[in-house]
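Data first, discussion second: the structure below is written as structure tokens.
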Amino acid sequence: MLATLLIGGREWLVPAIALGIVGGLIVFVRYSSALLDRRTRLLAAVLKGVALATLVFCLVEPLWSGQRARPGANLFAILADNSQSLTIQDPDSSESRAVELKKLLTNEDAPWQVRLSQDFDVRRYLFDSRLQGVPDFGRINFDGMRTNLRPILASLKDRFRDRPLAGVLLFTDGSATDPGTSFDASGLPPIYPVVSGTARGHRDLAIAHLTVTTTAFEDAPVTVQADVTQLGLPGVKVTATLLDEAGEQIKQETQIFGREAAPLAFRFQFRPVKPGVSFYEVKVVTDALAPEKESSAANNRRLVSVDRGSGPYRILYLTGRPNWEFKFLNRAVETDEQIKLTSIIRVARREPKFDWRSRDGEATNPLFRGFDRTGEETERYDQPVLVRLNTRDPNELRGGFPKKAEDLYPFHAVIIDDLEAGFFTADQMTLLERFVSERGGGLLMLGGAESFRHGNYDRTPVGRMLPLYLDAVESTPSVTGYRLALTRDGWLQPWARLRSTETEEQQRLKELPPFRTLNRAGNLKPGATVIAEVLDAESRRFPALAVQRFGRGRCAALLIGDLWRWQLDRTDLQREKDDLGKAWRQTLRWLIADVPGRTELRVNMRDELGQPLTRLEARIRTDEFQPQDNSAVSMTLKLPDGSTVVQTAESSLQEAGLYESTFASRIPGQYRATVEVADADGKALGKTDTGWVADPAAEEFQRVAPNLELLSDLAKQTGGELIPVEDLESFVRTLPVRQAPLTESYTTPLWHQPWILLLIVGCLCGEWALRRWRGLP
């Protein structure tokens with residue numbers, strides 16, 4: 001707060017000015033004629049002039065007036081960090097930050113604490129994941145697992161809303177674990193961070209970030225990437241290891257840090273042994289530094305959960321005739337335990353209905369004459385002959401392609417192979433469109449004589465879903481065949497590649513046999529993507545595999561009609577790799593990757609009031625995949641310590657079919673959750689599993705040096721400043737004259753100040769000493 005200079009004796013103003021002028025003239029005349037060098041005369045005149053001016057100034061009774069904080073009327077908060085990151089010992093210190101901070105805070109007779117209590121009403125708080133008021137700091141023990149700095153300040157703002165809080169002394173190292181890069185400083189008083197620790201001399205390895213990516217790539221569908229940073233360890237060799245739940249090593253990789261501070265990216269690509277939820281651990285070590293010499297070993301490891309789904313995923317395959325494509329597709333999925341292929345194969349088309357019959361009373365197709373039809377009903381003349389394979393029970397799909405949603409929606413994807421649009425009724429076409437757009441299923445159409453435009457799918461619901469327009473185009477076949485190649489977008493899709501490196505993938509594509517059957521299509525639809533294309537002898541390019549999103553589902557068009565040549569025309573080495581089978585499995589995995597089930601479970605991690613909360617959201621759907629209410633949803637949680645907790649999910653008021661349950665993940669480690677759903681009558685509708693990890697130590701110790709950037713930004717936004725520990729006492733003395741909600745006016749006579757007398761006496765003594773030194777009286 002600014003102070004103002006006032007004149008108390010205004011009646012003395014004119015005499016004081018006159019006296020000053022006269023005195024100045026006397027000093028000027030006396031020293032202008034003195035037998036001294038110019039520099040000495042000037043210095044002596046200045047000293048006497050300053051003394052004379054100060055005496056004249058005191059005649060007008062100068063007063064120093066301003067505003068200051070009213071003693072005891074304003075509040076002042078002291079916040080002390082109680083988290084585990086304070087247990088770090090800095091290299092240039094014999095004690096940890098925690099010990100030093102506790103000594104500073106628990107000494108209530110320290111001059112800074114005494115002075116602060118005299119001027120303000122002091123409130124003391126501990127904070128880690130939440131804010132806790134304390135009478136003193138004797139209870140501080142530095143066992144907090146999180147430092148939720150932003151929620152803590154928001155809670156402080158709410159506590160002191162409309163109250164005269166003058167400022168906050170924030171004792172912390174700035175290692176905030178809550179997400180976010182900026183503060184909402186509105187409504188906060190000035191914050192004065194007192195930084196614990198130093199950034200000098202630390203030597204530390206840390207896993208800064210850990211991400212998990214799942215793809216349909218068969219050889220390594222899961223990628224775990226660990227970004228490792230170093231502090232004070234340039235050029236060292238680092239070994240990262242990926243371990244499973246049993247502690248068995250899965251993969252290991254070694255890299256060397258450069259001289260710059262760029263992090264190292266360790267990428268582990270692997271295939272989980274079992275479906276469902278699995279937990280893995282990443283550890284980093286270096287031979288250049290013993291663990292006990294490192295600033296913190298808690299940030300050298302991290303846990304991660306991987307959910308590959310539990311299946312089985314059902315795919316409905318429809319074909320207009322027995323063909324080689326079905327043979328190799330069926331053989332490919334037989335090795336995948338999570339994919340079940342159910343097939344409808346038409347072996348004879350629908351025949352015209354005649355009034356006459358070959359035998360009296362015979363109304364069935366003579367193709368089945370003499371056979372005991374135990375597995376299929378005998379088709380009439382006006383019905384196609386269909387063969388069902390791998391159905392769930394003898395009655396499933398007995399009438400051919402489903403006519404009701406409850407019969408089609410149990411499948412996750414539909415494949416149409418060489419089957420004309422006339423096979424479906426208008427209602428079945430609409431049902432298939434709803435299956436993709438509403439249910440979220442996948443649709444794949446394969447090339448053939450009765451597919452795409454040749455199958456009259458233009459201007460049908462199925463044609464609307466395909467990623468290509470089915471316009472009439474020139475369809476002159478290539479004499480030399482078509483060579484397959486990936487597009488730029490295709491190279492970016494792991495499921496479209498069969499090799500782990502670009503060189504190997506290019507060699508594989510070069511060795512593929514030419515294909516001779518291709519369904520030509522029109523332009524690509526907006527939002528669709530061409531993954532693969534074919535080139536003819538004239539290097540003209542045509543789409544071979546195109547994909548797009550349609551509603552909640554996915555659609556793909558594979559326009560090659562003789563993909564089976566890939567399997568027949570191959571060398572002995574290619575037969576060992578079974579590339580066609582792998583390509584089919586990866587394509588089907590992509591097709592069903594995001595297809596929801598009747599019970600869909602999601603895990604949302606968040607902090608609420610400083611507590612790490614896990615919200616489990618279960619979306620329950622009917623057999624027509626509409627939101628289902630009046631369900632009983634039970635959640636069984638297995639905690640890291642082996643104990644089990646059972647909770648009942650409550651129906652959400654914001655969304656139909658959504659059931660929620662909240663759990664506080666206070667124990668570090670692995671969590672598993674199993675959700676069981678029953679309808680209003682108690683009939684079981686299904687269950688699903690998920691998992692997550694709580695690893696607060698990895699976040700708390702992610703940074704061992706104090707976060708000066710964050711604390712400086714916080715102080716700047718609130719009008720505060722960073723306070724070194726050694727300047728704490730002098731800073732506290734200035735607080736009364738800083739901005740405060742409740743203030744009072746004060747007036748102090750300047751001529752009563754000791755420094756005024758010292759200035760006058762000092763100047764006169766200096767002038768006298770200078771004259772005596774030069775031999776003047």
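Numbers at a glance
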| item | result |
| --- | --- |
| Residue check for G775: open to solvent by less than 70 Å² (accessible area, probe 1.4 Å) and at pLDDT below 80 | yes |
| Number of the exception - Q670 against (1) at pLDDT 90 or above; (2) open to solvent by less than 60 Å² (accessible area, probe 1.4 Å) | (2) |
| Hits in the stretch 628-641 (condition: at pLDDT 90 or above and either under 30 Å from G553 (Cβ atoms) or open to solvent by less than 70 Å² (accessible area, probe 1.4 Å) (or both)) | A632, V633, S634, M635, T636, L637, L639, P640 |
| Test: residue in the stretch 682-701 that is touching a residue at least 60 places away in the same chain (Cβ under 8 Å), part of a loop (DSSP other than H, G, I, E, B) and touching a strand residue (DSSP E or B) at 6+ places or on another chain (Cβ under 7 Å) | yes |
| Tally, over the stretch 385-416, of residues that are among the acidic types (D, E) and in contact (Cβ under 8 Å) with a residue 12 or more places away in the chain | 2 |
| Residues being in contact (Cβ under 8 Å) with a residue 60 or more places away in the chain and either under 17 Å from L101 (Cβ atoms) or out of contact with any Lys or Arg (no Cβ under 9 Å at 6 or more places or on another chain) (or both) - total across the stretch 739-753 | 6 |
| Of all residues in the stretch 294-327 being aliphatic (A, V, I, L, M) and within 22 Å of T213 (Cβ to Cβ), the one that is surrounded by the fewest Cβ atoms within 10 Å (Cβ to Cβ) | V306 |
| Where a residue in the stretch 331-348 is modelled with pLDDT under 90 and its partner, wherever it lies, is β-branched (V, I, T), with Cβ under 7 Å and at least six apart | V347/V385; V347/V387; A348/V385 |
| Inter-residue pairs, beta-carbon under 7 Å, first part of a helix (DSSP H, G or I) and modelled with pLDDT under 80 and in the stretch 281-294, second among the basic types (K, R) and open to solvent by 90 Å² or more (accessible area, probe 1.4 Å), 6+ apart | none |
| Residue match in the stretch 587-601 (condition: closer than 30 Å to A485 by Cβ, out of contact with any helix residue (DSSP H, G or I) (no Cβ under 7 Å at 6 or more places or on another chain) and not aliphatic (A, V, I, L, M)) | yes |
| Listing of strands (runs of 3 or more DSSP E) fully contained in the stretch 195-269 that carry 1 or more residues being touching a Lys or Arg at 6+ places or on another chain (Cβ under 7 Å) and open to solvent by 30 Å² or more (accessible area, probe 1.4 Å) | 204-214, 222-231, 249-256 |
| Residue that is nearest to P612 (Cα to Cα) [pool: residues in the stretch 95-143 that are open to solvent by 10 Å² or more (accessible area, probe 1.4 Å), among the charged types (D, E, K, R) and in a helix (DSSP H, G or I)] | R139 |
| Yes/no for S85 being polar (S, T, N, Q) and either open to solvent by 60 Å² or more (accessible area, probe 1.4 Å) or modelled with pLDDT under 85 (or both) | no |
| Members of the stretch 35-55 that are free of Cβ contacts under 8 Å to residues at least 60 places away in the same chain, crowded, with 18+ Cβ neighbours inside 10 Å and of a type in the set (G, A, S) | A45, G49 |
| Residue match in the stretch 433-450 (condition: touching a Pro at 6+ places or on another chain (Cβ under 6 Å), in contact (Cβ under 8 Å) with a residue 40 or more places away in the chain and either under 30 Å from P402 (Cβ atoms) or not in a helix (DSSP H, G or I) (or both)) | yes |
| Some residue of the stretch 303-323 being in a strand (DSSP E or B) and charged (D, E, K, R) | yes |
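The values are calculated or read from the model by the stated rules, or taken from the named source; none is laboratory data. Just so you know, these numbers come straight off a predicted model, no measurement behind them. No Cβ is skipped: glycine too gets one built from the backbone with ideal geometry, and neighbour counts run over all protein chains shown. All accessible areas refer to the heavy atoms of the entire protein, side chains included, with ligands and DNA or RNA removed. Shrake-Rupley method; radii C 1.70, N 1.55, O 1.52, S 1.80 Å.
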